[in-house]
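The structure appears below as structure tokens.
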Amino acid sequence: MAKILDILKKRPLMLDGAMGTTLMAKNYGPEIFGAHPGCFDYLVRSAPEVISEIHSAFLENGAEIIETDSFSAVPRLLAEHSLAGECEKLNEEAVLLAKKAAAFYTEKTGIPRFVSASIGPGDKLPSLGQISYKELYEGYRCQIAGLISGGADMLQIETAQDLLQIKAAVAAAHAEQKAGHEVPIYVSVTLEKNGTLLTGSPIAAVVSALWPLGIDILGFNCGNGPEALSPYLAELAAIWPGYIGFYPNAGLPQTTPSGLLYPESPAEMGTHIAEIMQKIPLSIVGGCCGTSPQHIAAINQAIKGQNRPEFARPAPPVMLSSLYGALDIERAEKPIMIAERTNATGSKAFRKTLLSGKLDDSLAILLDQEQKGAHAIDLSVAYAGLDEEALLKELTQRANKSSRLPLVLDSTSPKALEEALMLYSGRALINSINLEDGGQKAKAILKLAQKYGAMVIALTIDEAGMAKKAAEKLDIARRLITLAKAEGVPEEAIFIDFLTFTLASGEESLKTSAMETLEAIKGLHEICPKAHTVLGLSNISFGLSAKSRPILNSVFLYEAKKAGLAAAIVNPAQILPLKKLPEEAKKIALNLIYNRAEDGDPLELFIKLFSDIELAAKDEPLTLSPAESVKLAILRGREDLLKALPDLLAEKPAEAILSDILLPAMAEVGEKMGQGKIELPFVLKSAEVMSKATKLLEPHFAAAGGEPSGPKVILATVRGDVHDIGKNLVKMILQNNGIKVIDLGIKVPIERILEVAKAEKPAAIGLSGLLVSSAMAMIDYVKAFKEAGLTIPVLVGGAALTPDFTEETLAPAYPGGKVFYCKDAFDDLRYIKS
């Protein structure tokens, strides 16, 4: 029997079109849902003939792969309809229904037809802490168990907007695969207009995080039409070695009085996709929202028999990444600087924040390293008296949302590492493994690296201890890499640390240790050319004076770079340019590194030199005024900078701080968000800090004659819509600006809003909805407001809404009041203020 991947080796496959918008276009009545109104995933049981008809229509028009009606069929979302216990069975039924249609057309045409299991993103973003990885993972396992049981030919994780959500789904897919009967895993992400996921991840970060996870196909769906997404496809094709899928919308949707209009005709869409396929090596094509069977027929006709050029595929990516960016190990300027100040053992300042429980200060030290030239950040919280597992988990979660740099998770505890890896959206580097116990603990950590796609630092330590000679170091390195490969971690994901010993002890056996380490770095390329090297660099100067350490560290780093060092764990602020070092200091440092004693004992000479010379190696701390600190706290989401508030209150009254500093800073954050210069998680962080600042000011408002009071606003997500990310952001921004918010939650009926509006007499009502059906539902809401005699202004927002729809459809339906379209939370704030 033919398989999807076998065919993709030879030619592209045709996917189907939109299930959701096709269903809505048919205007079925509520009776098709049976006892569970609005549950589209239940239609495979309540109205199987309706779903079968859609499957058949796409198959009749050339689709070779049809997707199941299971987009939201996970226990948590099915629980909204009291169907959580039916999760596995409903998913199995969805596959069986689709397979029946596929089998009929396979027999009818002689062309193999396949069933791809649709797995949607849900309505919560784990990278922002809205839902846990574990809950997502367990929910996906239940769904995928049913999909596999039904006999799905492919698992399609689609419309994905959060890397951590994708990781949970992919892990669940691997866990449920049947040995010997594995099916392909296809991940399709949805891009914002700026080319990132909703959570701010650029394409390179997506590729970095997902390539190690063993998925077969990656691509884009939804969001926009083929032309608008074409440049991002080119970006993906340049760095993704696997198959690429693409099923865009039929253009950017336009909301009209008669419903949602997708402007791209079948012929136009066919032409555009055929043109793209001449430039991009697409392997699966189809359509998302707004694409009918006629669209699929047109695309199929346009690409049939197409003479496509041979495409060169890129090498597998070797990258680390955070939620917000990727670090290309191969292309980055060497050595890569891994900041070391967030190490409980090595940094007294960091350790103090951990011991005192001041984790905001811990995070501030971590984030400060971004400003000092680091490319990645080593995070180690292991210290006597500290709960390593809890602290590593907490700080990883905070750093995941806050830091643009990749994390190096520094722990030898498999349990602590797994808890942290489940919270990290990007591709982490684990520090570290060794062979001290023969490799048992290393195996456990390597299994985690393979499962979560992490890279690993491996120390040249074996059963006999730390290797001192280059030959011993290389022999252990070979063993470590062999072990890693056996556990499914490829050579290019390994960083070998050949160990750095202090040259300050004067111990005879260590005098040549730096030379041996440099020799080993040079030799690794010969035996394991794809592996990388890293050093805990500052160990070289341990025991020397604070004045001299940056000199020796800097000179040794330069020598290691010449030897081929890829990365160094170091404080970047303590690395000095060679041209700024005194020639005499540089010469004596080199003599110490290479154990040259022509002028006398190099260690004695080095120590003597720095007993006479004063060198300023530290950056002068930046001095900010209290007002500057508080403003920066909002702009950067840095709660630690709010320490300046008491000093600022000595200079200004609370009202002035709010109106002159906090609100303008938050407005600046809003402007940057509107310009695409700041990602959603950073806006949320700034809003959280703003909230804490206003709480700190509250007692001072009261003392001055009353807390600031603003208008009252009702917020609600309309019926049938469980998506509340946007509404919650609006709530946070309004509350932080002195506006009282009455949040009625999700799927709020019209009657409830009317009841609260009459009782509370708000200044405005805010309606939110992500779905196309939500935009149409808002017509009923504003009509009901009119009939109830309301004249309260209505603010509307959501992905399917447009200014034109608001002006031409919603506003005329509410003649007694005004309806305002708000593209983001700051629009809501501006309208309420005006």
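Could you calculate the contour length gain from Ser82 to Ser132, that is, 0.36 nm times the residue separation minus the distance between their Cα atoms, to one decimal place in nm? Difference between extended and current length: 15.8 nm. Here segment 222-346 exposes an accessible surface that is 52 percent carbon and sulfur, computed with a 1.4 Å probe and the other protein chains kept in place. Based on C-alpha pairs under 8 angstrom that are at least 6 apart in sequence, the chain has a relative contact order of 8 percent. Backbone amide hydrogens, once placed in the peptide plane, bring Phe114 within less than 5 Å of Ile65, Ile66, excluding anything fewer than 5 places away on its chain. Roughly what angle does helix 388-402 make with the longest principal axis of the chain, taking Cα atoms, 0 to 90 degrees, to the nearest 10? The answer is roughly 60 degrees. In the chain, a dipole from Cβ-located charges (positive for Lys and Arg, negative for Asp and Glu) runs towards its positive end, and of Ala390, Phe556, Gln450 it is Phe556 whose Cα lies farthest in that direction. A straight Cα-to-Cα reach below 14 Å connects Lys89 with the aspartates and glutamates Asp41, Asp69, residues fewer than 8 places away in its own chain not being considered.
Sparse packing (at most 13 other Cβ atoms within 10 Å of the Cβ) combined with a DSSP loop state is found for none of the chymotrypsin sites (Phe, Trp or Tyr not before Pro) in segment 389-495. Working from label points 7 Å from Cα in the Cα-to-Cβ sense, the Asp437 to Ala799 distance is 4.6 nm. Sorting 20-33, 167-180 by average packing, meaning the other beta carbons within 10 Å per residue, from highest down gives 167-180, 20-33. Summing charges over neighbours of Lys473, with a neighbour being any other residue whose Cβ is under 14 Å away from its Cβ, gives -2 when K and R count +1 and D and E count -1.
Sequence-distant contacts, meaning Cα pairs under 8 Å at least 6 residues apart, place the relative contact order of segment 105-214 at 27 percent.
Using only side-chain charges placed at the Cβ, +1 for Lys and Arg and -1 for Asp and Glu, the dipole size of segment 10-159 relative to its Cα centre rounds to 320 debye. Helix 513-527 and the long axis of the chain differ in direction by around 50°, with both axes built from C-alpha atoms. Using the Karplus relation 6.51 cos²θ - 1.76 cosθ + 1.60 with θ = phi - 60°, the per-residue 3J(HN,Hα) values for segment 289-301 come to 3, x, 9, 9, x, 5, 4, 5, 4, 5, 5, 4, 5 Hz, with x marking Gly and Pro. The mean accessible area for residues of segment 242-393, using a 1.4 Å probe and ignoring ligands and nucleic acids, is 41 Å² per residue.
The relative contact order of segment 63-165 comes to 38 percent, based on Cα pairs under 8 Å that sit 6 or more residues apart. With θ taken as phi - 60° and the Karplus curve 6.51 cos²θ - 1.76 cosθ + 1.60 applied, the whole-hertz 3J(HN,Hα) list for segment 416-433 is 5, 5, 5, 4, 6, 4, 5, 10, 9, 6, x, 9, 8, 10, 8, 10, 5, 10 Hz, x standing for glycine and proline.
Bridgeable lysines around Lys451 (alpha carbons under 25 Å apart, same-chain partners fewer than 8 residues away excluded): Lys124, Lys134, Lys167, Lys178, Lys393, Lys401, Lys415, Lys441, Lys443, Lys485, Lys530. Ranking Phe820, Thr717, Val730 by Cα position along the charge dipole of segment 711-823, where only Lys, Arg, Asp and Glu carry charges on their C-beta atoms, puts Val730 farthest toward the positive end. Checking the Cα-Cα distances for Lys26/Lys279; Lys695/Lys727; Lys672/Lys692; Lys685/Lys727; Lys685/Lys761 against a 25 Å cut-off, the pairs over it are Lys26/Lys279; Lys685/Lys761. Of the peptides 342-352, 294-304, the ranking by mean beta-carbon count within 10 Å, highest at the top, reads 294-304, 342-352. Here the accessible area of segment 35-120 is 56 percent carbon and sulfur, with a 1.4 angstrom probe and all protein chains present. Under a model in which nothing but the beta-carbon of Lys, Arg (+1) and Asp, Glu (-1) is charged, the chain shows a dipole of about 380 debye around its Cα centre. Taking all protein chains into account, the per residue accessible area for segment 724-826 stands at 41 Å² (1.4 Å probe). When the solvent-accessible area of segment 411-515 is split by element, carbon and sulfur atoms take up 52 percent of it, the probe being 1.4 Å. What do you get for GluC sites (Glu not before Pro) in segment 458-520 restricted to DSSP loop and a cutoff of at most 15 other Cβ within 10 Å of the site's Cβ? In loop regions of segment 458-520 (DSSP not H, G, I, E or B), the sparsely surrounded GluC sites (Glu not before Pro) are Glu463, Glu507. Computed across segment 389-537, the Kirkwood hydrodynamic radius from all distinct Cα-Cα pairs reaches 15.9 Å.
Computed from Cα atoms, the angle from the helix 87-109 axis to the main principal axis of the chain rounds to 70 degrees.
With the charge dipole of segment 472-615 set up from +1 on Lys and Arg Cβ and -1 on Asp and Glu Cβ about the Cα centre, the Cα lying farthest toward the positive end among the listed residues Leu518, Ala477, Gln574 is that of Gln574. Taking Rg/Rh (Cα atoms, Kirkwood Rh) as the quantity of interest, determine which of (i) 1.23; (ii) 0.98; (iii) 1.01 was computed from the displayed structure. Matching the structure shown: (iii). Between the amide H of Met319 and those of Ile329, distances stay under 5 Å, these residues lying 5 or more places away or on another chain, with hydrogens modeled in the peptide plane. Here Trp240 sits with roughly 0 square angstrom of accessible surface, probe radius 1.4 Å. Excluding same-chain neighbours fewer than eight residues apart, the aspartates and glutamates reachable from Lys9 by a Cα-Cα span under 15 Å are Asp216, Glu310. For Cys288, nonlocal amide neighbours, meaning residues 5 or more places apart or on other chains whose placed amide H falls under 5 Å from its own, are Cys222, Asn249, Ala250.
Each residue of segment 814-828 was assigned a 3J(HN,Hα) from its phi angle through the Karplus curve 6.51 cos²θ - 1.76 cosθ + 1.60 (θ = phi - 60°); the sequence is 9, x, x, x, 10, 10, 10, 7, 10, 6, 7, 4, 6, 5, 4 Hz, with glycine and proline shown as x. Here segment 450-566 is treated with +1 on each Lys and Arg Cβ and -1 on each Asp and Glu Cβ, and its dipole about the Cα centre works out to around 340 debye. Ranked by the mean number of other Cβ atoms within 10 Å of their residues, highest first, the peptides 761-770, 667-676, 328-337, 59-68 come out as 59-68, 761-770, 328-337, 667-676.
The values are calculated or read from the model by the stated rules, or taken from the named source; none is laboratory data. Since the structure is predicted, the reported quantities are computational estimates derived from the model, not experimental observations. Every residue, glycine among them, receives a Cβ derived from its backbone with ideal geometry; neighbour counts consider all protein chains shown. Side chains are part of the model used for accessible areas, which takes the heavy atoms of the whole protein and leaves out ligands, DNA and RNA. Shrake-Rupley method; radii C 1.70, N 1.55, O 1.52, S 1.80 Å.
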